[in-house]
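Participant: I'd like to ask some things about the structure below.
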Amino acid sequence: MQTLCEAKSAGYEALDAYLDGIKHLPPPPTIMIQLINLFRQQNADLDEIVELLRRDPALSAEVLRRCNNTFMDEDEGARDINEAVFCLGFHEVYQMTVSLFTMRMLNIEKDAPRFPAELLRRHSSITAIAAGELALDLDRSEGLAFTAGLLHDIGKLAFALAEGDIYANIFRECERTGASLSEAEIKQYGFDHSQLGGRLLQRWGVPEEIVLPALGHNDPAQPGVQIYVAITNLSSRLANRIAQKGVSGVFSETPEVKELMESLGLNDKQALEWESAVRKKTREMAVLMAV
């Protein structure tokens, strides 16, 4: 299994120097990281989870509002975050909470007005949904996979905040032409968004299961790769496909996709069922997050 020591890097010194120079870089999302660590525990204490959420009153109020508007009957709405967690279950509240945290971080229109932040938010959300669904099929942690999908492109946020219009132009040009964004980033800066994002998450103290997918989500399939890396990689490709309207052909027939499917032990039928489930859940999550 790949470890952080074996993961690719452009040299921590260069990455750290670059990150330290970003004026509007978000601070470590302490509550979200603590929530992730609680989720990794098999017997997490719900009271501890509720207490953690209460440390951010605005977030608690937003979670409670979305819960009541989406899941609860008008006469039986949860009165506080404690009732929301106990009524809905930690997993539903966890996904909603980390999604809200991530969307907060990716709300960068003020500091990077020309960067298409909405595209990044949508791609991250769909990748998270796809990764969670795929993890369930593979009997892995849905929550960890979901979180890895949400945060896998955090390096793009860092570049957008650091470089402003320069990076926005690089990003848009690669989107327009289909050129490799990673190659363009390396040519311009000496490292790409996967290396930058992986290092940022590592500095924040995020678990390895989430750091490695940020580092390796653009890598080709290879034997022995950490499973959440392969899940995130395949999920990101599906998110790209879902975002492209009118695309013909079967998703699983793409050579890179076939290699990733084989590495995860997926057949064509499973891939089709997974894609259908992701499209359905994407619509449901869009309603929830827009409430």
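Participant: Residues GLY149, GLY143, GLY197: which one is under 12 Å from the mean Cα position of the chain (by Cα), assigned to a helix (DSSP H, G or I), at pLDDT below 95 and closer than 30 Å to GLN42 by Cβ?
Facilitator: None of the other options fit; the residue is GLY143.
Participant: Evaluate region 257-274: report whether one residue or more is over 14 Å from the mean Cα position of the chain (by Cα), buried (at least 23 other Cβ atoms within 10 Å of the Cβ), assigned to a helix (DSSP H, G or I) and among the basic types (Lys, Arg).
Facilitator: no
Participant: Let me ask something else. Looking at ASP153, ASP111, ASP192, ASP139, which one is surrounded by fewer than 18 Cβ atoms within 10 Å (Cβ to Cβ) and within 25 Å of PRO29 (Cα to Cα)?
Facilitator: Among ASP153, ASP111, ASP192, ASP139, only ASP111 is surrounded by fewer than 18 Cβ atoms within 10 Å (Cβ to Cβ) and within 25 Å of PRO29 (Cα to Cα).
Participant: How many of the residues making up region 16-30 are at pLDDT below 95 and under 21 Å from the mean Cα position of the chain (by Cα)?
Facilitator: 7
Participant: Residue under question is ALA148, and the condition is that it be within 20 Å of ASP219 (Cβ to Cβ) and surrounded by 14 or more Cβ atoms within 10 Å (Cβ to Cβ); does it hold?
Facilitator: yes
Participant: Return yes or no: is LEU144 closer than 26 Å to MET285 by Cα and in contact with a helix residue (DSSP H, G or I) (Cβ under 7 Å, 6 or more places away or on another chain)?
Facilitator: So LEU144 passes the test.
Participant: If the Cβ limit is 7 Å and pairs must be 6+ apart or interchain, which residue in region 47-75 that is more than 9 Å from THR97 (Cβ to Cβ) and at pLDDT 75 or above pairs with which residue that is of a type in the set (Phe, Trp, Tyr) and buried (at least 16 other Cβ atoms within 10 Å of the Cβ)?
Facilitator: ILE49/PHE90
Participant: Out of the residues in region 31-46 that are of a type in the set (A, V, I, L, M) and at pLDDT 85 or above, state the one that is farthest from SER141 (Cα to Cα).
Facilitator: Residue satisfying both the conditions and the ranking: ILE31.
The values are calculated or read from the model by the stated rules, or taken from the named source; none is laboratory data. Because the structure is predicted, anything quoted here is derived from the model rather than measured. Reconstructed Cβ throughout: ideal geometry from the backbone, glycine too, with neighbour counts over all protein chains shown.
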